[in-house]
Each structure stands twice: as C-alpha cells, then as structure tokens.
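K.L.:
Below are the structure tokens for one structure; questions will follow.
Coordinate-derived values only; no laboratory data. Please read all numbers here as calculations on a predicted model, not as lab measurements. Heads up, the Cβs are rebuilt from the backbone with ideal geometry, glycines too, and the neighbour counts pull from every protein chain shown.
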Amino acid sequence: MTHANQDISRIRNFSIIAHIDHGKSTLADRLLERTGTIEHRKMSEQVMDSMELEKERGITIKAKAVRMLHTAPDGKKYILNLIDTPGHVDFTYEVSRALAACEGALLVVDATQGVEAQTLANADLAKQLDLKIIPVINKVDLPSANVDGVEEQIFDVLNILENPILASAKEGRGTEEVLAAIVNEFPAPTGSSEKPLAALVFDSLFDPYRGVILYMRLVDGTLEVGQKIQFFSTGLECGVEEVGFLTPKQVQTKRLCAGEVGYMACGLKDIHLVRVGDTVMNSEHPLKQALPGYRDAKPVVFAGVFPVNPADYPSLKNALEKLHLEDSSFSYLVDVSQALGFGFRLGFLGLLHMDIVKERLEREFDLNLIVTSPNVVFEVRRLGSEKWETVDNPAKFPHYGDIHTVREPHVNVTIILPVRFQEPVINLLKDRRGIHQSVEYMANDRMIVRYEMPLSEIVMDFYDRLKSVSKGYASFDYHPSGHRECDLVKLEILIHAESVDALSQIVHKDKAQMMGRGLCEKLKELIPRQMFEVALQASVRGKIVARETIPAQRKDVLAKCYGGDITRKRKLLSKQKEGKRKAKLLGSVEVPKEAFLAVLKIDR
C-alpha cells in the first residue's frame, strides 16, 4: 500500500486505555497477531512492553506506537495505528499525550474486577478530548467473571451507553469483533495532505548513531526526506534525514501523509533542543499557533539522587541527560548535600515513577545510587512579605522564625473498593488527614469513596498501606486540587550535634514527634558504634523532640594489668576517660548509606 495514494478515510488512529492488569497489553498482542503485523513464531507475551522492567512488573511504562495493516471482510484495506498507553496513576501524563494523537479509544475493563479508579480517570480523559470510546469487557472466560454486573457499571458509573464487546484476550476471543469496531466505529482523521505541515510529537528516543528520533502524528501536510522543518516552541530549524513508520520496528519510507503515525530523524545530537509535545511545521510555511491537546508534565514528588561513589557524578549526569529525552516527564537540577556530596534534585510524577526512573538509571547505565526521602512542593510566605516562595527541598525551608504561613499541595482522591473494606480504608484516610467529600454505592457490592488529602501523606507509603488494609481490592486515583494552609514544621535530625540535611523532612506538627522518634530508633540500629558516645536527636523549631544514644565502644584497658598497685589501674582509666572526652569533642560520625535508604521505610 503506497503512501502517496493512501486514502485518509482508511486510516484509524486509536489507543487502548485500562486500569493496571486488565489485559491491555495482551489485547494489543492479539491485534498484532491477527493483522499479521508480527509473525506467530516471533510473537512473545506483551510484545509492546519492550523494556525489561515492563515485562518484570507486568506494567506498561512508556507509550508505544505500532502500525497494523488490516483487510476488512469487504476487501477494503485499512491502516490501523495503535498508540499504547500506561495504566498506572503516575503515568496519566503519558496517557494524555497518547490520547491527543488519536480519534478513538478502546476502554478495557476486567470482567472479574469491574470498573476501577484508573478506568474512571482514563475514561474522563478520553471524554475531555472528545474521543469515540468503545468498551471491551476482557477475561470473560474466567470462572469468577461477572459480565452483567460489569456491563451495568460501565453504563452507570462511566456513563457509556455503547454495547460492550465481550473478549478474552488470552484466548483470542473477541479479536474479530474488536477489529470490526475499530474500522466501523472509530472516525477517520480529518486532516489534509494539501495543507501546510502540522505534526504532533508524542514521544522521542535517543539513538547514539542517528541522534534524536521523534515519534509523531501528522495532522496536516506531508513529511519527506530532505524537507526543511521547524519546531514551534523553540523555533529550531533542521532538515529531515529519515522518515518511516513503526511495525513496531522502525521501517523507512519516502513520505508520511496527513493522518499517519510514524517517526522522523533529523540528525540532532543535542537532546535539549527537542520538546515532547511540540508541533513540527514546514519552515517555509510556519503555523500561527501550535496544535492543541498537550499539557506540560508537572512533577509533584521531589527527591535527591546521589551516586554512592562520588566519582560516578559525571556518569550520573550523562545518564540523566539521555534518559530525560525518553522520559521528559521528570525534571532535574544540580544539588549539593553536606552528607552525600554532589548529585541531582529530581522531580517525578509520583512514587512509582520515582522507583522506575531510579531502576532505569541503575540498570541501563550501571550506576549505584542513593535516593533521599521524597517530598512535595510547598509554598511559604515569610513575615512582612506578600510573595509566596516555592520550596521543593527541606534543606531550603526558611528558619521557623521567618515563616508567616505555609501551604501544601492537596489532591482529590478517588478510591473504588468492596463495601466490606469500608471501615479500615476510611480509618486510613482519616489518619492521613483526609477530608471527606462523598461516598457512592455501585452495583456488585462496591463503592466509590472521594476524599481530599495532602499530597505529602500519599507520597511515602499510602498506596502500599491501602492495598494492605483492603487485601489488594481497592484501586486508587488522584488529581491535584490546589494548595491549602497547614501547620507544617521542618523535622531536623542531628547526629553528634550536627544537622544532616539529607535526613531533614517537612511534616505536620502533630506527627513530628512520632516521626522523629522513629527515625532516631532506626538510625541507632544502622550507625555503627564509635569510640565515643553519639547522640541522635530530632529537632523541631529549635526544640529536641526525640533522642537516642549510641553508647561508646568499650576497650578493656585493664586487660594487661594482672596485679600490682590499684593506682596504676586508676591512672589508665583516667587516661581513657580523658581520651574519650577529647574524641567526643573532635570526633565526626560517618553515616552509612543504608541510613538514608531506611528513611523511606519509616511509618508516618
């Protein structure tokens, strides 16, 4: 099928959206298999999840794109462009980028689990972008499947009136019906190849030989080798060296036309010149405004990342530059810590996102890293000032005597759970300073709980605790709701009377003492004994709220005295006492790396 003659009415751009583990990647595998995009002998499970980490955890992290050729029963040939999306709450940014490049979405719901929190969030996202949504009830072959109940939830909770397609992606059942719905129900792209070039960049990666490779969806115009293009946001001009489409491997072609999805290489070697979400246009016919549908990713969780070996700092810098092109949703700035030396302050979309970035840095670039305790962005107004300052690092938090007001970010939380777990889940929400908004009861003895909560109460271990109290049945999603005034304090940890900036945290006043005690107890276990007594203290607003003492290591100086005058023994003990006094005044304590990692595991 040649590109020049390709009829735009035979192109379908769509996405598959779902909650984690509802079978989205498996359904994508069946579509690739049925359309012959990948030969059966080369097929592997979760073929779209190419990253080792994705296969290991069973989650999709990066949005992918793949082009399938499908012949309908009436003999007409179609190009189906599937843009895959992640399912976890942290990667809503990736989902929004993928959906902005589509006209339709397949909404997959597990027949045994029903509508979950992320299903609700993704369906709302697709509705906001005015996409055609086709519901698919997956895993109907399982004995515990409740198809009628799930169908009722799709109508009542999601307000989608389409009749759902019943499928079992694992067995391949329902694949034909899904393909027929994609061709017949999803609208074709509306662009024109005659208009000036306008293309959306929805993803990018770095190739050491070809430079920056951009994945894009052409809205209008054509893109071909040798063409001069320009980026809307930066004004950068360059020539196109290679274009092609994804099957999911990169296949070169001469030209891409309006409505198609493909890739482009321009020989750019500086990864900072390109922004994912930018609009590509012809430099001879520039556009007056950028294409809509994209928003900037706003990091909500911040943490310091430091190499265990200070000599690895240049390697960490290089690794972050390369990873940032693939995942533009995290931000990074140079950071210096008294305890850990040179490193970077990274901003993430959530705690899972932080975990994934750390794992990728360690695996793909062979680095050994320490990540400090995660925190959120606070707003502080000083005494006598009307200006609000943003603080993303506890070390930069102003002195308590200078602060007039502190505001912290809040989020609207949606939790879907079986009614029998209502009490422990609501107790957890109250314990984390949650403010009740609404409770709604659904079919199948399930409920939707909505609360407003401080984001700082979520970023540590909230998700793990929620799964624990609900035995894994609760699903959770959150959206920012602005900043609220709170009584927050800086909790400082003093080791041998010296403040350790990497262990500082911003916490609510009521929880400061409990957290300080927990940190001191944990550090007492981890810091080895010295030749002198070491005090571990937690300080809030200049007052010590918790203390633990590491006793001095005892050396038996009397072992060699096997008799003789008592004054000889007294002299030795007196000399040792004086030595310990001097060591206590002059000594410094080396904090092991495990201590910084242990901070993450303190109960809030």
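K.L.:
Once you keep just the Cα pairs under 8 angstrom separated by 6 or more residues, what percentage relative contact order results for the chain?
P.N.:
Relative CO of the chain lands at 10 percent.
K.L.:
Please work out the ratio of the alpha-carbon Rg of the chain to 2.2 N^0.38 Å and round it to two decimals.
P.N.:
So the chain has a normalised radius of gyration of 1.15.
K.L.:
Neighbouring Cβ atoms within 10 Å as the yardstick, rank 19, 410 fewest first.
P.N.:
410, 19
K.L.:
On to the next question. Note down the net charge around residue 336, summing +1 for each Lys or Arg and -1 for each Asp or Glu among other residues with Cβ under 14 Å from its Cβ.
P.N.:
Value of the local net charge: +1.
K.L.:
Mind pulling the angle between the C-alpha long axis of helix 351-364 and the longest principal axis of the chain? Nearest 10 degrees, somewhere in 0 to 90.
P.N.:
90 degrees
K.L.:
Then there is this: In the chain, which cysteines lack any other cysteine Cβ under 4.7 Å from their own?
P.N.:
102, 257, 486, 520, 561
K.L.:
Collect residues whose amide H, placed 1.01 Å from N in the peptide plane, falls under 5 Å from the amide H of residue 300; neighbours closer than 5 in sequence don't count.
P.N.:
Residues meeting the criterion, in which the H sits 1.01 Å from N, are 348, 349, 350.
K.L.:
Ignoring the sites themselves, what is the longest stretch of the chain with no GluC sites (Glu not before Pro) in a DSSP loop and at most 11 other beta-carbon atoms within 10 Å?
P.N.:
387-589
K.L.:
Something else: So in the chain, what percent of DSSP beta bridges are antiparallel if you round to the nearest 5?
P.N.:
The antiparallel fraction comes to roughly 85 percent.
K.L.:
Read phi for every residue in segment 23-36 and hand back ³J(HN,Hα) as whole Hz from Karplus 6.51 cos²θ - 1.76 cosθ + 1.60, θ = phi - 60°, with x for Gly and Pro.
P.N.:
x, 5, 5, 5, 5, 4, 4, 5, 5, 5, 5, 5, 7, x
K.L.:
What 222 nm value per residue comes from the helices of the chain, counting each DSSP H run with n ≥ 4 as -39,500 (n - 2.57) and dividing by all residues, nearest 500 deg cm²/dmol?
P.N.:
Estimated from H runs of four or more residues: -7500 deg cm²/dmol.
K.L.:
Long-range amide H contacts for residue 410: which residues qualify at under 5 Å (H placed 1.01 Å from N, peptide plane, sequence gap of 5 or more or a different chain)?
P.N.:
Close amide H contacts, sequence-distant or interchain: 455, 481, 482, 483, 484.
K.L.:
Given the pairs 132/467; 269/298; 317/522; 77/254, which are separated by over 29 angstrom at their Cα positions?
P.N.:
Violating the 29 Å Cα-Cα cut-off are 132/467; 317/522.
K.L.:
³J(HN,Hα) across segment 274-287 via Karplus (A = 6.51, B = -1.76, C = 1.60, θ = phi - 60°), whole Hz, x for Gly/Pro?
P.N.:
Residue by residue, segment 274-287 yields 10, 10, 5, x, 7, 9, 9, 9, 6, 5, 7, 10, x, 7 Hz.
K.L.:
What residues have an amide H closer than 5 Å to that of residue 195, excluding those fewer than 5 places away on the same chain, when H is modeled at 1.01 Å from N in the peptide plane?
P.N.:
221
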